[in-house]
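The values are calculated or read from the model by the stated rules, or taken from the named source; none is laboratory data. Owing to the predicted nature of the structure, the values given are computational and were not obtained by experimental measurement. Reconstructed Cβ throughout: ideal geometry from the backbone, glycine too, with neighbour counts over all protein chains shown. Just so you know, the surface numbers come from the protein's heavy atoms only, side chains and all, with ligands and any DNA or RNA stripped out. Shrake-Rupley method; radii C 1.70, N 1.55, O 1.52, S 1.80 Å.
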Amino acid sequence: MNGIYESGEDYLEAILCLKEENGAARSVDVARKLNVSKPSVSRAMSILEEKGYVYVSKIGSLELTEQGKELAVEIYGRHVLLTKFLQKITGVGEEQAEANACKIEHDIDDDIKRGIEKWMKENG
């Protein structure tokens, strides 16, 4: 276990995605992406910074530490895997599959994830 809650994982994933999309992640961007208040982002960043996952750069952008990036990539990978898996096995559209992947990505056991990965390689 990584010692952070589901919402913390959502923040890390959001920072990773924003950095890839825009080259930078600011608190206001994270708040908009996750539909939360700026004070909520600030509170979450304090907790994630305390745990060694993020830091605020001198210019005010949110940066992932090496540990934070590793975890964010893992979380995002689960998200993508589950989205594709749900689309494949149910035939639903990407938006619905992604919404459902968000609901389960934080609670899935590693052995289940590995089984889905194996199944997707064989049937993808």
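Once the range 41-56 is narrowed to residues that are open to solvent by less than 30 Å² (accessible area, probe 1.4 Å) and assigned to a helix (DSSP H, G or I), the residue that is farthest from LEU71 (Cα to Cα) is VAL41.
So if I check each of ASP107, ASP111, which one is outside any helix (DSSP H, G or I) and either in contact with a strand residue (DSSP E or B) (Cβ under 6 Å, 6 or more places away or on another chain) or open to solvent by 30 Å² or more (accessible area, probe 1.4 Å) (or both)?
Details: ASP111 fails: outside any helix (DSSP H, G or I).
Criteria check complete, one pass: ASP107.
Within the range 24-35, the residues that satisfy the criterion of being open to solvent by 30 Å² or more (accessible area, probe 1.4 Å) and under 20 Å from HIS79 (Cα atoms) are ARG32, LYS33, LEU34, ASN35.
Output yes when any residue across the range 12-21 is free of Cβ contacts under 8 Å to residues at least 12 places away in the same chain, more than 19 Å from GLU105 (Cα to Cα) and either in a helix (DSSP H, G or I) or among the hydroxyl-bearing types (Ser, Thr, Tyr) (or both), and no when none is. Even if it seems obvious, please write down each step before you answer.
So in the range 12-21, the residues free of Cβ contacts under 8 Å to residues at least 12 places away in the same chain come out as 20-21.
After this cut, where a residue has to be more than 19 Å from GLU105 (Cα to Cα) as well, the list is 20-21.
Next, from what is left, pick out any that are either in a helix (DSSP H, G or I) or among the hydroxyl-bearing types (Ser, Thr, Tyr) (or both): 20-21.
Looking through the range 12-21, at least one residue is free of Cβ contacts under 8 Å to residues at least 12 places away in the same chain, more than 19 Å from GLU105 (Cα to Cα) and either in a helix (DSSP H, G or I) or among the hydroxyl-bearing types (Ser, Thr, Tyr) (or both).
Restricting attention to the range 81-124, the residues that are touching a residue at least 12 places away in the same chain (Cβ under 8 Å) and β-branched (Val, Ile, Thr) add up to 4.
Selection of the range 22-33 for residues being under 21 Å from GLN67 (Cβ atoms), part of a helix (DSSP H, G or I) and aliphatic (A, V, I, L, M) yields only VAL30.
Among the residues of the range 63-86, are any acidic (Asp, Glu), assigned to a helix (DSSP H, G or I) and touching a strand residue (DSSP E or B) at 6+ places or on another chain (Cβ under 8 Å)?
We begin by selecting, within the range 63-86, every residue acidic (Asp, Glu); these are 63, 66, 70, 74.
Next, only the ones that are assigned to a helix (DSSP H, G or I) stay: 66, 70, 74.
Add one more test, that the residue is touching a strand residue (DSSP E or B) at 6+ places or on another chain (Cβ under 8 Å), and what stays is none.
No, the range 63-86 contains no residue that is acidic (Asp, Glu), assigned to a helix (DSSP H, G or I) and touching a strand residue (DSSP E or B) at 6+ places or on another chain (Cβ under 8 Å).
Check GLU21, GLU66, GLU6 and return the single one that is more than 24 Å from ILE116 (Cβ to Cβ), charged (D, E, K, R), at pLDDT below 95 and surrounded by fewer than 16 Cβ atoms within 10 Å (Cβ to Cβ). None of the others qualify; the one that does is GLU21.
Screening ILE59 with (1) in a helix (DSSP H, G or I); (2) open to solvent by 40 Å² or more (accessible area, probe 1.4 Å) gives one miss only, at (1).
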